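*Asks:* One structure is given below, represented as structure tokens, and several questions about it will come after.
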């Protein structure tokens with residue numbers, strides 16, 4: 001059986017305002033999500049699972065149905081206090097520790113602020129950990145696109 005790969009990406013400020021719960025990958029509508037949906041439609045993500053990092057819910061699977069909620073705060077910034085950040089970070093790392101051995105590689109595309117919620121991921125048993133590279137949305141989207149295409 002071929003092992004899978006994992007993409008971790010943060011929520012986007014831009015959201016689909018459909019009132020009914022819809023899969024998280026459809027709820028969030030930023031650049032990275034448009035890219036992921038495109039490659040999913042094209043079959044390029046067959047052996048890739050997607051986790052979405054939310055300051056509200058922690059790590060959620062792309063297929064989990066999410067209700068609509070209005071985005072708040074500043075784009076890319078956490079609005080959590082230090083105690084909440086630590087609690088969520090611990091939950092996220094524990095969750096990733098349970099699943100890390102399923103994957104041959106994890107691709108992490110989160111901003112500097114959201115990395116606080118994944119601090120310690122480098123100590124988990126992922127055989128390979130790749131971080132998005134580039135300054136700004138366009139460069140990081142291009143890096144993620146190239147990573148997906150190279151799979």
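The values are calculated or read from the model by the stated rules, or taken from the named source; none is laboratory data. Please read these numbers as outputs of a predicted model, since none were measured by experiment. Cβ placement follows ideal geometry from the backbone for every residue including glycine, while neighbour counts extend to all protein chains displayed.
*Asks:* How many residues does the stretch 111-124 contain that are over 13 Å from residue 85 (Cβ atoms), at pLDDT 95 or above and either surrounded by 15 or more Cβ atoms within 10 Å (Cβ to Cβ) or touching a helix residue (DSSP H, G or I) at 6+ places or on another chain (Cβ under 7 Å) (or both)?
*Replies:* So the answer is 2.
*Asks:* Continuing with the same structure: So, of the residues in the stretch 9-25 that are under 13 Å from the mean Cα position of the chain (by Cα) and not in a loop (DSSP other than H, G, I, E, B), which turns out to be nearest to residue 133 (Cα to Cα)?
*Replies:* Filtering first and then ranking leaves 9.
*Asks:* If the Cβ limit is 9 Å and pairs must be 6+ apart or interchain, which residue in the stretch 129-148 that is over 12 Å from residue 110 (Cα atoms) pairs with which residue that is modelled with pLDDT of 95 or more and loosely packed, with under 13 Cβ neighbours inside 10 Å?
*Replies:* Cβ pairs passing all conditions: 129/122.
Here is a yes/no grid of residues against (1) surrounded by 14 or more Cβ atoms within 10 Å (Cβ to Cβ); (2) closer than 15 Å to residue 144 by Cβ:
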| site | (1), (2) |
| --- | --- |
| 19 | no, no |
| 22 | yes, no |
| 52 | yes, yes |
| 55 | yes, no |
| 60 | yes, no |
| 70 | no, no |
| 79 | no, no |
| 85 | yes, no |
| 96 | yes, no |
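*Asks:* Might you let me know whether the stretch 80-103 holds any residue that is within 26 Å of residue 135 (Cα to Cα) and part of a loop (DSSP other than H, G, I, E, B)?
*Replies:* yes
*Asks:* Among residues belonging to the stretch 133-151 that are assigned to a helix (DSSP H, G or I) and touching a strand residue (DSSP E or B) at 6+ places or on another chain (Cβ under 9 Å), point out the one that is surrounded by the most Cβ atoms within 10 Å (Cβ to Cβ).
*Replies:* Top of the filtered list is 144.
*Asks:* Can you tell me how many residues within the stretch 104-132 are under 21 Å from residue 12 (Cβ atoms) and either out of contact with any strand residue (DSSP E or B) (no Cβ under 8 Å at 6 or more places or on another chain) or not in a loop (DSSP other than H, G, I, E, B) (or both)?
*Replies:* So the answer is 14.
*Asks:* Here's another thing I want to ask about it. What do you reckon, is residue 43 touching a strand residue (DSSP E or B) at 6+ places or on another chain (Cβ under 9 Å), outside any strand (DSSP E or B) and exposed (fewer than 15 other Cβ atoms within 10 Å of the Cβ)?
*Replies:* no
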